[in-house]
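Structure first, then comments.
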Amino acid sequence: MQQRAYLALALGLFMAVPALAGPGGVFKNPVVWWILLLLLPILLPLVIITMIKEKRQIKQTQADLARLADVFPQYQWLMLRDRAQDAFTWMWSEWSQGKLEKSKQFVTDWYWENQQLLLAEWEHKGWENVCDLNKIQSIEPYFVAHATEAENAVGSRVVVRIRAEVWDFLREKATSKIIKGEDKIDSLETLWTFLWTGDAWMLNRIESGSLSLEYTKIANIVPEVLNAPQRAYNKAE
């Protein structure tokens, strides 16, 4: 009974939704991570299991992308990674200025309108998001769902996990009082979802890295022929 209670607490902390700040309205909640640090001796087995699951998830997604790329060039990982890196860099640059005009080339219409509303809300409240990208630490493929039935695979999605060092906090313009975050460079982990429009991969969602466990519960979606034995796959070609 006690073990189940610890597990519930750990999952609750890992899955906690962060406060608003940074590109897409996501930033790390330092309180959650301090609690996790204090509970580390108890949660260590769960942490190890989680790390193993995440490594398997990334390895499987890398393999699925490679198989997809043999038939659908848009899944080539080097091109996908470059696209994600460009989108991440532009979004942070634009967000720090409180505008997203130039980054519109990387995002879906829905996401762009959503973020404009968020910026307008903060402007109305007299808030500003002070943020800057120090460096990108890693970009890893985390999930892929190929739109098998759609023409030209429109609507397919790829989720990448991006770890970076950022400076990010929300403050009142009039008083410079910090509302969310901390005035220092810190590590941030986020999940970026890209949708295939038929011409390019476009950013459609940014989620907290704490949600990464959810993706380990879902199998990547790829055409059945790509999951068949290699001989059957070659024959299909």
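The values are calculated or read from the model by the stated rules, or taken from the named source; none is laboratory data. None of these values were measured; they are calculated from a predicted model. For neighbour counting, all protein chains shown are included, and Cβ atoms are generated from backbone atoms with ideal geometry for every residue, glycine included. Heads up: the accessible areas ignore ligands, DNA and RNA and are worked out on the full protein's heavy atoms, side chains in. Shrake-Rupley method; radii C 1.70, N 1.55, O 1.52, S 1.80 Å.
For region 99-212, how many pairs of lysine residues have a Cα-Cα distance under 27 Å, where the two are 8 or more positions apart or belong to different chains?
24
Placing +1 on the Cβ of each Lys and Arg and -1 on the Cβ of each Asp and Glu in region 36-186, which of Gly98, Ile48, His124 has its Cα farthest towards the positive end of the resulting dipole?
Sorting the options by dipole projection puts first Ile48.
What FRET efficiency comes out for Asp183 versus Gln97 if R0 is 22 angstrom and r is the Cβ-Cβ distance? Round to the nearest 0.05.
0.75
Lys59: which lysines have alpha carbons under 19 Å from its alpha carbon, excluding same-chain residues fewer than 8 sequence positions away?
Filter leaves Lys217.
With just the Cα atoms defining each centre, how far is region 61-79 from region 88-142? Give it in Å.
27 Å
How much accessible surface does Glu121 have with a 1.4 Å probe, in Å² rounded to 10?
Spelled out: Glu121, probe radius 1.4 Å, area about 80 Å².
Before anything else, pin down the relative contact order of region 105-218: Cα pairs under 8 Å, at least 6 apart, normalised by residue count, whole percent.
So the answer I get is 26 percent.
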